[in-house]
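For reference, the structure discussed in these notes is given below.
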Amino acid sequence: MVVNHLFSLSITVSLNAIPMLPSLFVIQSVVVTRLSLLSSSIRAFVMVPQQGIKLAVYLVASYFGDLNAKVCDCLLRRGTLTLANIIMFTDLSGVNVKNCLLVLIHHNCVQAFAVQEDGAMGKLPKVTTKYMALFDNIIHHMRFPKFIEIVSNELGKECEEIFEGLLQHGRLSLNQILDRIKQTANQGNSAEDSVQDNFHKLVQARFVERCPAPEPFLAPPAEEKSSTKRSSKTFKVLETIEQLALAAAAPLESMRFLVDDTWTNPSEEKDEETSHGVTIGQKRKLDSIESDDVSLLADGKKEILWRVNFEEFVRCLRHKACVENIRRRMNVEAGIVLEAILELSRKSEAKVKTVNTVPLSVNAIYDQVIKKEAGLGMNLESTRAALGQLGCEDAMLGTDDSFSIDLKTIIEIAQNEEVESIVLKRYGREAYRMFRLLSRAEHLIETDKIADTTFVEKKDTLKLLYRLWTDNYLQMQKVNVPGAKQSEFLLWKVNKQPLWENVLDEMYHAALNLRLRIAHEQEQEKEILQIPKERLIGELGNRYKRLVKVRIILESSLMNLDGAILLFHEF
């Protein structure tokens, strides 16, 4: 849930409610650090914030152990690597690295892909398998409670049990899911039909999808006649190698949510397809580690493996954030109408960061509105009024008016409000007014004009602007005006893209500190957790109540902070 003051609250709430800990675990405001410049060499992977890497590595260590965390840290910091390079950089044995990669691949934290490289000294080209860490998938592990809540609310408890198994085990076949339900629920063979029906519900809702190809092959780009064209093509491929690998690994959209008893190798399905220079070859072995993307039955037939579709859950959370923002900024009716539009257009969205919803007629929107309990009191005119409030675009398709909502603007407003709340908490109301002015102006403004507009003394204005500039919240430009007496003017502006990246890095840092604090509290009271509840009386009972209270505060703060992380990174 993304609301105002989330980030500031998450940093301060635990300090006010819980006794102080050693400085290592104190959650404090993090000074914004300047982003380091990207390497001048062409890099194929997107740079991950340093605090984001630390959080991802901590999550992997918590769930899968220190060896897996070491391999993950190596891939996140160094980028895509071969098996030999991972062994060299981690100083782990080959067996340990292979086992770690199998675990990380099985839990959707690493993707392998094969590329053709030129042979040395006139030798024939060779095919090499490389591995890349999937940062977003790793961070999604701390969102599992949110994902479970969505499934439970939309599909019910029985679907939730199947879904929890996929979260716990990473990838499962339908038979493995059935066996697990039989063992946990003690239902025997009678559970089979129910499990299959509930599994179909999960797939139809797109909460579950087929696993990607274990090792797609990226063919080298075709040679161009012009050297200029060739260098341009090479740059394009190098720049997007990981994106190409993920696209190549993904099953065809027509197969992605298809439940079938017969297994079909997705890499063979796409063997004839090419996209941006990608050719998917037949699956081969993973450079001396074996793939676990298919399950073998006793008769030698292959089963399809399934996994959680993180993309759909991020879409649901994005929609929820948009609705809550509209309800808070406008009114309940506008929120109901937006929620109805998003429900109708959800399956039509080709990507999570959709700019505009698909055009819908006002009658279709109204029919969806009155299906909601909160929308029963609305009529067609109030629905039209809410659409006007939302500033939706009239698509004018055919004879019926069709309306589309600008989701990108809603997200940008929410991001602005979140950063403004951080500035208010950290620097005070006067600095907040200055930052808000510059953020909404989106151009350079001179110091005196800022002071006049925000009703702040000039000397105080300059002092606050310098503080914001020092912490990378503002961009400053000096302008010298020649004349009898040369004058220097200071112009200020909010440069949103690098600022948003710095704020996101701060949020990762705060999330890591919260998780460290939770772990520290549990370690401090581990003896209490081992005592039966009926024996927790007197002082022991008070300590247990305190631990419960602390965990509720910290975990609630972490969930709220994660909403802000989603806002800046996923939405």
Being open to solvent by 40 Å² or more (accessible area, probe 1.4 Å) and modelled with pLDDT under 55 narrows VAL103, VAL46 down to just VAL46
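The rows are residues; the columns are (1) under 21 Å from ARG515 (Cα atoms); (2) under 26 Å from the mean Cα position of the chain (by Cα); (3) among the β-branched types (Val, Ile, Thr).
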site: TYR58; (1), (2), (3): yes, yes, no
site: TYR63; (1), (2), (3): yes, yes, no
site: ALA69; (1), (2), (3): yes, yes, no
site: ARG78; (1), (2), (3): no, yes, no
site: ALA84; (1), (2), (3): no, no, no
site: ILE87; (1), (2), (3): no, no, yes
site: THR90; (1), (2), (3): no, no, yes
site: VAL95; (1), (2), (3): no, no, yes
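Quick one: which helices (runs of 4 or more DSSP H) lie wholly within the stretch 319-397 and hold at least 3 residues that are of a type in the set (Gly, Ala, Ser)? Talk me through it step by step, then tell me what you get.
Working: elements: 332-345, 362-369, 380-389.
Once the helices (runs of 4 or more DSSP H) in the stretch 319-397 are filtered for at least 3 residues that are of a type in the set (Gly, Ala, Ser), what remains is 332-345, 380-389.
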Residues in the stretch 517-562 that are in contact with a Lys or Arg (Cβ under 9 Å, 6 or more places away or on another chain) and closer than 30 Å to ILE422 by Cα total 8
Looking at the structure I just gave you, is VAL314 part of a helix (DSSP H, G or I), in contact with a helix residue (DSSP H, G or I) (Cβ under 9 Å, 6 or more places away or on another chain) and within 30 Å of ILE177 (Cβ to Cβ)? yes
Under 30 Å from GLN50 (Cα atoms), within 28 Å of the chain's Cα centre (by Cα) and loosely packed, with under 15 Cβ neighbours inside 10 Å, is that true of GLU442? yes
Within the stretch 478-496, which residues are touching a Phe, Trp or Tyr at 6+ places or on another chain (Cβ under 9 Å), open to solvent by 80 Å² or more (accessible area, probe 1.4 Å) and not basic (Lys, Arg)? ASN480
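Matching residues to (1) on the phi > 0 side of the Ramachandran plot; (2) open to solvent by less than 20 Å² (accessible area, probe 1.4 Å); (3) assigned to a helix (DSSP H, G or I):
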site: ILE413; (1), (2), (3): no, no, yes
site: GLU420; (1), (2), (3): no, yes, yes
site: LEU424; (1), (2), (3): no, no, yes
site: ARG433; (1), (2), (3): no, no, yes
site: ARG436; (1), (2), (3): no, no, yes
site: ASP448; (1), (2), (3): no, no, yes
site: VAL456; (1), (2), (3): no, yes, no
Look at MET507 and say whether it is more than 19 Å from ALA564 (Cα to Cα) and modelled with pLDDT of 90 or more. no
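If you scan the stretch 336-363, which residues turn out to be farther than 23 Å from GLU311 by Cα and either in contact with a Leu (Cβ under 6 Å, 6 or more places away or on another chain) or open to solvent by less than 40 Å² (accessible area, probe 1.4 Å) (or both)?
Matches in the stretch 336-363: ILE336, VAL337, LEU360, SER361, VAL362.
The values are calculated or read from the model by the stated rules, or taken from the named source; none is laboratory data. What you see is a predicted model; the values in this text were computed from it and never measured. All Cβ positions, glycine included, derive from the backbone under ideal geometry; neighbour counts span all protein chains shown. Areas reflect the complete protein model, heavy atoms only, side chains present, ligands, DNA and RNA absent. Shrake-Rupley method; radii C 1.70, N 1.55, O 1.52, S 1.80 Å.
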